Structures are given as structure tokens and as C-alpha cells.
Amino acid sequence: MAGIDQGQRALLVSAAASTLGDSYCSLAWGRKLAATSGDDHAARVVAGEDDDLGAGDRALAAWARRVVRDPSGTTAEHVEELRAVGYDEGQIFAVTQFVALRVAFSTVNDSLGAAPDIELAAMVPPALRTAVRFGRQPAA
């Protein structure tokens, strides 16, 4: 996707899903993020703590959270924050579309009552599992 790697995709979904309160996607994609950048890092992103991210990743996480919270409240200045750390127009569009589609997917799952299963929860690092204090809890 437009020069965005797997770790950045995992970051985008983890930030978006946790902001939305989707426990299933936060665990599933947080696990992918943990695999690329470490357990504690993934747990902090899911908890909404982006301060230790590099500038590019911090801008991506902020954008994902902004798209979830208030998409009509985005401004030219918010887009400029992405440009300032090196993302071009095509990447900004692709990232925005990716986050919006993930929000739609999470909405469908949550609306239909999808809960993380015990097997998924067992594969998630403990720090990440502890950070997911929202949404549906794992079901047997």
C-alpha cells in the first residue's frame, strides 16, 4: 500500500481500533504490531500513548485516531503534519482510505457481537492483553 510497510499498517489499525474501542482488532493487529516493534511498544499504542514513536509513526497514529474520532474535523494543518514527515499525497490518501475501511470492518464486527476468542487472546503478549481494557472480552 503506497510505500506503507506491514509495521505501519499494524500501527494504523492498532491506533484506529483502540480509539474506536474494538477489542478484537486491537488484539489481532496489536499482536502484529508487537511482532514488528515489540510487546511494550504495541501495548502503549493500544493504550493511546504515542509519545515514544518516531515522528513519522507518531503522525500516522495521530491521523488514524483523528479519522476515527472526528473525520469531518480534519484540517489542512492536520494533513500538513503528514507531509512534514515525508508522506506524499498518494500515501496520505491510501492511509486515510485504509483507516476508513478498517473502521467499517470494525463497525461490522462490533455490531454483530464479534468477541476475541480465547485462542487469539492466548497468542497476544501479556502487556498488550492488559492494555485492551475496552470492548468485548475474549469469549470461550
field: Net dipole in debye of region 88-140 [+1 Lys, Arg Cβ; -1 Asp, Glu Cβ; about Cα centre; nearest 20]
entry: 260 debye
The chain - mean residue ellipticity at 222 nm from DSSP helices (-39,500 (n - 2.57) per run, n ≥ 4, rounded to 500): -21500 deg cm²/dmol
- line: When the charge dipole of the chain is computed with +1 at the Cβ of Lys and Arg and -1 at the Cβ of Asp and Glu, the Cα pointing farthest to the positive end, of Phe105, Ala35, Ser72, is that of Phe105
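Tell me, Thr36, Thr75, Thr130 in order of fewest to most beta-carbon neighbours within 10 Å?
Ascending Cβ contact count within 10 Å gives the list Thr75, Thr130, Thr36.
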statement: One finds, for Ala122 and Ser72 with R0 = 35 angstrom and r their Cβ-Cβ distance, a FRET efficiency to the nearest 0.05 of 0.35
- prompt: Between Leu82, Leu128, Leu53, which gets the highest mean-square fluctuation from a Gaussian network model of the chain, Cα cutoff 10 Å?
  reply: Leu53
message: Checking understanding here: applying a Kyte-Doolittle mean of at least -1.0 and a length along the axis of at least 27 Å (C-alpha), which whole DSSP H helices in the chain pass?
response: 89-111
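Which whole-number percentage describes the relative contact order of region 6-131, with Cα contacts under 8 Å and a sequence gap of 6 or more?
It rounds to 37 percent for region 6-131.
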field: For region 11-140, size of Cβ-based charge dipole, Lys and Arg +1, Asp and Glu -1, in debye
entry: 360 debye
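Where a number appears in this text, it was derived from the coordinates with a stated rule and is not lab data. Quantities reported herein were computed from a predicted structural model and do not represent experimental measurements. All Cβ positions, even for glycine, are placed from backbone atoms using ideal geometry, and neighbour counts span all protein chains on display.
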